[in-house]
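Reading through the structure tokens given below for one structure.
Read-outs: derived from the displayed coordinates by stated rules, not from any lab. Predicted model only: the values in this text are computed from it and were never measured. Quick reminder, even Gly has a Cβ in these numbers, built from the backbone with ideal geometry, and neighbours come from all protein chains shown.
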Amino acid sequence: MWWDPQYIILVLLPSLVISGFASLLVQARFSRYSRVLARSGLTGAQAARAILDSAGLYDVQVEQTHGFLSDHYNPLSRTLALSPEVYHGRSLAAIGVAAHEAGHALQHAENYAPLWIRSALVPAAGIGSQLGWIVMAVGLMLHPFVVLLGAILFSGVLAFQLVTLPVEFDASHRAKQLVLQMGFVDPDEREGVDKVLNAAALTYVAALITSLLTLLYFLMRAGLLGGRDE
């Protein structure tokens, strides 16, 4: 598969370009706006705490975690984990990312349907990511039915990534509104927050496109899309 010209042209190269662009963009924008201090002087942790408290979510803890841009909300432990740059940062980037993660906590509290669907899809996505492409690859050497079986397993990854888009877009939308409404940033500072969050959202789109290209490649090679490639 790795030496198949069709795989290189249809999957590998487009995936590298799209994913690489998205990754570089989010790093570049975060780096840029991490150097732009918000006039409010708030840290990311303070901004997140204020959003949670305003929604009555006093039981959601804001903690520091390790790693660059490793920020996330854990609905099981009701913990909002922020990377050091975001937790301690007083920049537009830090406040934007912290508000985004707080947005996930608000979704959880409001029983936001796509968030619960995504959580339910975690087991299927895990199985699909570990076994789906392997079964499809083996199926190319055995029978199209085996490829189809692998495609069904791999579709769990696609479903998870697809439902992730509204979850992430909604959290960013909430963040963009809240940072302005609560006075964390001034109107003329809002552009920096928007650019950081928009770049981060693009990484989820890139992941979905990569998975879709992979699935289509295997279906095409097995003859399940168009004529079979002998």
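For a paramagnetic label modelled on Val17 (point 7 Å from Cα along Cα→Cβ), amide N atoms under 16 Å away are absent within the stretch 149-166. Cβ-to-Cβ counts within 10 Å put Val60, Val36 in ascending order as Val36, Val60, the fewest first.
With kT/(6 pi eta Rh) evaluated at 25 °C and eta = 0.890 mPa s, and Rh the Kirkwood radius from Cα pairs, the stretch 116-206 diffuses with a coefficient of 160 µm²/s according to Stokes-Einstein.
Long hydrophobic helices in the chain, taken as whole DSSP H segments with a C-alpha length of 27 Å or more on their own axis and mean Kyte-Doolittle hydropathy at least 0.0: 13-34, 144-181, 190-221.
Within the listed set Val86, Val167, Val11, the residue fluctuating most in the Gaussian network model of the chain (springs between alpha-carbon atoms under 10 angstrom) is Val11.
With 0.36 nm allotted per residue and the present C-alpha distance subtracted, the Asp188-Val36 stretch has 53.5 nm of extension available.
Direction-averaged projected area, Cα convex hull, the stretch 7-74: 7.0 nm², rounded to one decimal.
If you add up the charges near Gln46, with Lys and Arg at +1 and Asp and Glu at -1, over every other residue whose beta carbon is less than 12 angstrom from its beta carbon, what do you get?
Working: positive: Arg49, Arg90; negative: Asp53.
So the surrounding residues net to +1.
Reported value for the chain: 124 Å³ per residue, from the convex hull of its C-alpha atoms.
Per DSSP H run of n ≥ 4, the term is -39500 (n - 2.57); total these for the chain, divide by its residue number, and report the mean residue ellipticity at 222 nm rounded to 500 deg cm²/dmol. Can you show the working numbers first?
Numbers: 8 runs with 150 residues, N = 230.
Computed ellipticity for the chain at 222 nm equals -22000 deg cm²/dmol.
For Ala28 and Ile209 in the same chain, what is the full-extension length gain: residue separation times 0.36 nm, less their Cα-Cα distance, in nm?
Working: separation 181, 0.36 × 181 = 65.16 nm, distance 2.16 nm.
Stretched out fully, the Ala28 to Ile209 stretch lengthens by 63.0 nm.
Pairwise over distinct Cα atoms, reciprocal of the mean inverse distance: report the Kirkwood radius of the stretch 60-165 in Å, one decimal place. Hydrodynamic radius (Kirkwood, Cα pairs) of the stretch 60-165 is 15.7 Å.
How much length is gained if the chain between Gln64 and Ala109 is pulled fully straight, taking 0.36 nm per residue apart and subtracting their Cα-Cα distance, in nm to one decimal? Value of the extension gain: 14.1 nm. Provide the net charge surrounding Phe184, with neighbours chosen by a C-beta distance below 12 Å and charges set as Lys +1, Arg +1, Asp -1, Glu -1. Result for the local shell: +3.
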